[in-house]
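Okay, so here's the structure we're looking at.
The values are calculated or read from the model by the stated rules, or taken from the named source; none is laboratory data. Keep in mind that this is a model prediction, so the values were computed, not measured. Cβ coordinates were reconstructed from backbone atoms using ideal geometry, including for glycine residues, and neighbour counts include every protein chain displayed. Surface accessibility is based on the protein's heavy atoms, side chains included, excluding ligands, DNA and RNA. Shrake-Rupley method; radii C 1.70, N 1.55, O 1.52, S 1.80 Å.
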Amino acid sequence: MFNVLKKMAALAGFMGGIAGLWLPTGSAAAADSVPLLAQAAPATSAVPAAPTDPAAAQLPPGATMPASPPVRMALLLPNRNGMFGAAADAVRTGFLTAYSRQKENIQLAIVETGDSVQDMQRAYDDASAKYDILIGPLSRSAVTAVAQSGRVSKPTIALAQPDLPGETEAQLPPLMLTVGLSIDDEARQVANWVEKEKRPGKIFAIATSVAWQKRAVRSFQARARQLGLAVETLELTTPNNALSAPGLAQLTKRVEQEKPALIFAALDASQAVQLRSAIGTELPVYGTSQINPFTLNRDNPNDKMPELDGVRLIDIPWQLEPDNVAVSRYPRPAGNEGDRPNADLARLYALGIDSYRVAREIALRRSGFDLDGVTGRLNVNMVGGGATYFQRQETQAVFQDGLPVPIADQY
C-alpha cells in the first residue's frame, strides 16, 4: 500500500504550479472534433451584442432582426508534445465537452503554442487581434507574463493563478479573470472552515520544502491570523521521499506536550498517512484537495485509505459529488486501458468544463453571474473597463471508510 501511495504522491501538487506536472498524455480524441480556425475575421473592440436586442421592438410587423455575428473564442494551450502536454490535453478535452453541449453562436479556435513564456505571450498577442474572448494561458509563469504585459485588451480567462505580489485580484488587468484551481485559495477556505469550528488553542500548520506546500501554509496562516487564530508553521524534511522519522517523533512529542487545537496539513495523501500514523487519530487534521488521491470513476472497490478516516479536506465537486446535477450532466473522460485514474488530470478536465461555461456567460454579455460548477460554486463579476472578481467555493469533506465523503452541512 505504501509503495502505491508514494507513486500517487509523485503525481500530486498540480495546483502548486503547472510547470511541476509530469504526467502521461491522456486521450485527445475530443480535440479533433473542432477544427483550428487559422484565419479569423477582423478584430472587434468588444464582445458582440447578445442575441436579444432591444432594437427588435422597433422593427415592422413580421420583420426579424439579422442574426448576431458569432462570438469568436480562442483557447490557448501548450502543444501536446511539450512538458505541459498531459495537463493541456485534460483541459482541452473538458473545454470541448462543455462546448459540444452549448455552442450556439460561438466560433471556437484552439491555438497551440510552445512551452516557453515568450511563445505563449506571442500567441496571446496574436489571438487578441483576431478573437473576442481568450481562454488561457495555462501555466502560472505565462499568466504572470500576460497579466504584467499591459496588453490585455479583450476578455481573458486565465487558467492558472499568476505570481503577483500582494493581493492578486487588485493587480489584475480589468478584463482578466483567473479561474485556475488554486492551492492558496483552498488553504484560505480551510482557514475559514476551522474558524467556524471554534476549536480553542494553537494550530500547527505543517508542510515540507515543496513549493506548493509552503505556499499553502503561508496562505492558511495569513488568513487564519486575519480571523484571530494563532498559527505556528512547522516544516518536515523528506529524506528518501518520506517524512523524516526524527521529525515526526519530535512533532509527536510537541503535540503531546502543547496539545494544539488541530493540524493544518499542507501535504499529499501518502504524507498525510505517515503523519496520522505518527500522531494518532485524536487530533483533528484538515487539508487541501491534495489529500484526496481518488477520482469518482475508479474501478477498484478496495482502493481505499482507512488510515485517513476522520481527516477533513476540501475538494471540487467533480471529485466528491457524483449526484451533483452540475457533475452528473458531463461524462467522465476516457482513460487508457490499465491506467490508474489520475486525480490531478481529472481536476484539470473539470477546470476545462467550467472555464468554457464562464466564457459562454461572458459571451452572452452577462458581466455578473453565479454558476453551480463542477469545480465549485462560482461567483463572477466582469464589468467592461472595471474591476473583475472571481470566487470559487469548494466542497468540504471528511474521510469515512477510507474515502472522502461530502459533509452535509457546509459553511
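Of all residues in segment 202-217, those satisfying the criterion of being of a type outside the set (Phe, Trp, Tyr) and touching a strand residue (DSSP E or B) at 6+ places or on another chain (Cβ under 8 Å) are Lys202, Ile203, Ala205, Ile206, Ala207, Thr208, Ser209, Gln213, Lys214, Ala216, Val217. On the basis of being on the phi < 0 side of the Ramachandran plot and surrounded by fewer than 22 Cβ atoms within 10 Å (Cβ to Cβ), does Gly114 make the cut? Answer is yes for this residue. Residues that are crowded, with 22+ Cβ neighbours inside 10 Å and not in a loop (DSSP other than H, G, I, E, B) within segment 117-135 comprise Met120, Ala123, Tyr124, Ala127, Ile133, Leu134, Ile135, listed in sequence order.
From the list Phe204, Phe220, the lone residue that is over 22 Å from the mean Cα position of the chain (by Cα), among the hydrophobic types (A, V, I, L, M, F, W, C) and open to solvent by less than 40 Å² (accessible area, probe 1.4 Å) is Phe204. Annotation note: of Arg151, Arg199, the sole residue that is in contact (Cβ under 8 Å) with a residue 60 or more places away in the chain, surrounded by fewer than 22 Cβ atoms within 10 Å (Cβ to Cβ) and not in a strand (DSSP E or B) is Arg199.
Checking the structure you have, find out if any residue of segment 239-247 is touching a residue at least 40 places away in the same chain (Cβ under 8 Å), open to solvent by less than 60 Å² (accessible area, probe 1.4 Å) and outside any helix (DSSP H, G or I). Give the derivation first.
Step one: of segment 239-247, the residues touching a residue at least 40 places away in the same chain (Cβ under 8 Å) are 241-242.
Restricting the remaining residues to those that are open to solvent by less than 60 Å² (accessible area, probe 1.4 Å) gives 242.
Of the ones still in play, those that are also outside any helix (DSSP H, G or I) are 242.
For segment 239-247, residues touching a residue at least 40 places away in the same chain (Cβ under 8 Å), open to solvent by less than 60 Å² (accessible area, probe 1.4 Å) and outside any helix (DSSP H, G or I): present.
In segment 358-380, what count of residues is obtained for those that are open to solvent by 30 Å² or more (accessible area, probe 1.4 Å) and either in contact with a strand residue (DSSP E or B) (Cβ under 7 Å, 6 or more places away or on another chain) or not in a strand (DSSP E or B) (or both)? Counting residues in segment 358-380 that are open to solvent by 30 Å² or more (accessible area, probe 1.4 Å) and either in contact with a strand residue (DSSP E or B) (Cβ under 7 Å, 6 or more places away or on another chain) or not in a strand (DSSP E or B) (or both) gives 9. When segment 269-314 is limited to residues that are touching a residue at least 60 places away in the same chain (Cβ under 8 Å) and assigned to a strand (DSSP E or B), the one that is surrounded by the most Cβ atoms within 10 Å (Cβ to Cβ) turns out to be Gly287.
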